[in-house]
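Enquirer: Would you mind keeping the following structure in view while I ask a few things?
The values are calculated or read from the model by the stated rules, or taken from the named source; none is laboratory data. This one's a predicted model, so the numbers in the text were calculated from it and none came from an experiment. Methodologically, a virtual Cβ is constructed for each residue, glycine included, from the backbone with ideal geometry; neighbour enumeration extends over all protein chains shown.
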Amino acid sequence: MTRKQDINYSSVAELAPRVKSGEISPVEIVRTSLDRIAQLEPSLNAFLEVWGDSALDQASEAEQAISSGDYLGPLHGIPVGLKDLIDVSGKETTGGSKVLAGNVATGDATVVMQLREAGAILIGKMNLVEFAFGATGLNPHTGDVKNPWDTTKITAGSSSGSAAAVAAGMIPVTLGSDTGGSVRMPAALCGIAGLKPTYGRVSRNGVLGLSWSMDHVGPMTRTTEDCALLMNVLAGHDPLDPASSKEPVPDFISGINSGLNGLKIGVPQDYFFTDSVDPEIVSSVHAAIELMANNGAEIVDLPMPWVDKGRRINMGVMYPEATSVHEKMLAEHAAKYSLSVRHRIQFGFNVSAIDYVRAQRARQWFSHQMAESMKKVDVLITPSVPIQTPTIADCTPAPGKTAAGGELANFTGVFDTTGQPSHSIPCGFTTSGMPIGMMITGHPFDESTVLRVGNAFEKLTNWHQRPPTDIPATD
Amino acid sequence: MANNPKQISEQARDNRLVISSDDAAAVTEMMADVAATYSTIREIDTTGFEAAGTFVPTPSKRESD
């Protein structure tokens, strides 16, 4: 392995001590990232903007600070990409739309301020589904992001560029957002780790909304341990976000190596493992559960006959909230929206007030069922998505054609409804060589146990360490 | 819930949004799935559960003179 390849595919946890010791400089990391980005863009189309000069300036400052003994922590000198719905002062936030072209942010989102304070280097904005409203990851305005494992296939979305860039070894960390699965679906299809924290755990201030009662911001990384490092920077109360929680914030790293002994893993007996789910996916997740059982976890089968309603409730809340978010912009700029996103927003005009309130009440009912069911377990294990990765061609809308990918969010959306922490990591590959994702979902505000389970599984396997096969190796 | 292009257009206009006949036709086609979503939700007995996101007032006081 060359030094460049080593840097491109290292995790933050691997890079940080080398940065701290001076063995690798932030300037070298950023230059290596910029080289990899130049090599793979625009074929992958993961970035909307790359801030090469300012990233090198930040890296140089980080290098000087670290050599002077002012090391800020594991993210110091590490390049981070931001889904282009997150405000960075002086930079455009387009949401992947034509409507917001030229919309320059006047301040940083709270998560950006936190990253800057941790010494992270902001390297650019990531491609996404228009206004984050779609699961396949396609965007007719900004161009489709290609999956590094097979560039004819989708990445899923809406944090499509965020997932592709990490998977392709361009950068080790990106931030995404998740309202129906937009962190976890692309993480699963691109073979990386993606954490949707508990609703309210990470601030959404300065982040374009889609459905305010279900929007989450979360990290996308090579490993679970890196998600924990990011959570140590991002989690906490923010008075600028009305939904921000005041729950105490633990150190997400401290218990991450505690292994599986003593943990009870719930396996739903309904919905997630039925005949309609791809058999290779079911088989891989079952093998993962067996591996965890053989390494100290106790497996508990859980009947959940009501759980199929979770995604419906997720959509029932999302449609009218998204319409409300977009009402004014849609009235003024309807022609600038893509057809599919415009139509999804127009659905919401036909939802009655009582149906929206029913959906919000059903959400409380559903969360209660979930809490009751999980009383005797620490986490749930399920597949992240129910289908194998479709091609871009099959997912591209066309008159008279039903586009593929409609089922992608059936599993992830369940846990946006409940707001529980939910994490996707790789647990195998299909016979066609595409990554398979496993979802670990915990009790509200117990990201620590979710991360502990994910980290323990990664220590037992090497699925997360394989580089994608459909892109050139590092120069 | 609207289930034909005319109703879709009328409801959009009621909400101060004018949509094309093509849009109305396309939305009508997709409304079946939306209708199924709310049909599922209506079947849930939510007795005893208040809506999520209940309004909570923000504390405030008179500013000092």
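Enquirer: All but one of (1) closer than 22 Å to B:Ile41 by Cα; (2) facing chain B (nearest Cβ under 10 Å) hold for A:Ala322, so report the exception by its number.
Expert: (2)
Conditions (1) of a type in the set (A, V, I, L, M, F, W, C); (2) touching a residue at least 60 places away in the same chain (Cβ under 8 Å), marked per residue:
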residue	(1), (2)
A:Val12	yes, yes
A:Val19	yes, no
A:Glu23	no, no
A:Glu28	no, no
A:Pro42	no, yes
A:Ser54	no, yes
A:Gln64	no, no
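Enquirer: Which residues, counting only those in the range A:321-337, are in contact with a His (Cβ under 9 Å, 6 or more places away or on another chain) and crowded, with 19+ Cβ neighbours inside 10 Å?
Expert: Passing the criteria: only A:Tyr337.
Enquirer: Would you mind listing the helices (runs of 4 or more DSSP H) fully within the range A:280-396 where at least 1 residues are closer than 23 Å to A:Gly194 by Cα and at pLDDT 95 or above?
Expert: Counting at least 1 such residues, we get A:309-333, A:353-373, A:392-395.
Enquirer: Kindly indicate whether A:Ile436 is outside any helix (DSSP H, G or I), out of contact with any Lys or Arg (no Cβ under 6 Å at 6 or more places or on another chain) and not small (Gly, Ala, Ser). Walk me through how you get there before you give the answer.
Expert: Details: outside any helix (DSSP H, G or I): yes; out of contact with any Lys or Arg (no Cβ under 6 Å at 6 or more places or on another chain): yes; not small (Gly, Ala, Ser): yes.
Criteria met by A:Ile436.
Enquirer: Moving on. Name the one entry in A:Ala371, A:Ala362, A:Ala353 that is touching a Ser or Thr at 6+ places or on another chain (Cβ under 7 Å), closer than 19 Å to A:Ile313 by Cβ, within 14 Å of chain B (Cβ to nearest Cβ) and among the hydrophobic types (A, V, I, L, M, F, W, C).
Expert: Going through A:Ala371, A:Ala362, A:Ala353 in turn, just one is touching a Ser or Thr at 6+ places or on another chain (Cβ under 7 Å), closer than 19 Å to A:Ile313 by Cβ, within 14 Å of chain B (Cβ to nearest Cβ) and among the hydrophobic types (A, V, I, L, M, F, W, C): A:Ala362.
Enquirer: Against the conditions (1) small (Gly, Ala, Ser); (2) more than 18 Å from A:Leu34 (Cβ to Cβ); (3) within 20 Å of the chain's Cα centre (by Cα), where does A:Gly90 fall short? Just the number, please.
Expert: That leaves (3) as the condition not met.
Enquirer: Filter the range A:204-217 down to the residues that are part of a loop (DSSP other than H, G, I, E, B) and either surrounded by fewer than 24 Cβ atoms within 10 Å (Cβ to Cβ) or not small (Gly, Ala, Ser) (or both) and list them by number. Walk me through it before giving the result.
Expert: First pass over the range A:204-217, keeping only residues part of a loop (DSSP other than H, G, I, E, B): A:204-206, A:208-215.
Selection gives A:Arg204, A:Asn205, A:Leu208, A:Gly209, A:Leu210, A:Ser211, A:Trp212, A:Ser213, A:Met214, A:Asp215.
Enquirer: Let me ask something additional. Given the range A:1-46, what helices (runs of 4 or more DSSP H) lie entirely inside it while holding 2 or more residues that are modelled with pLDDT of 95 or more and of a type in the set (Lys, Arg)?
Expert: Passing ranges, in order: A:12-21, A:26-40.
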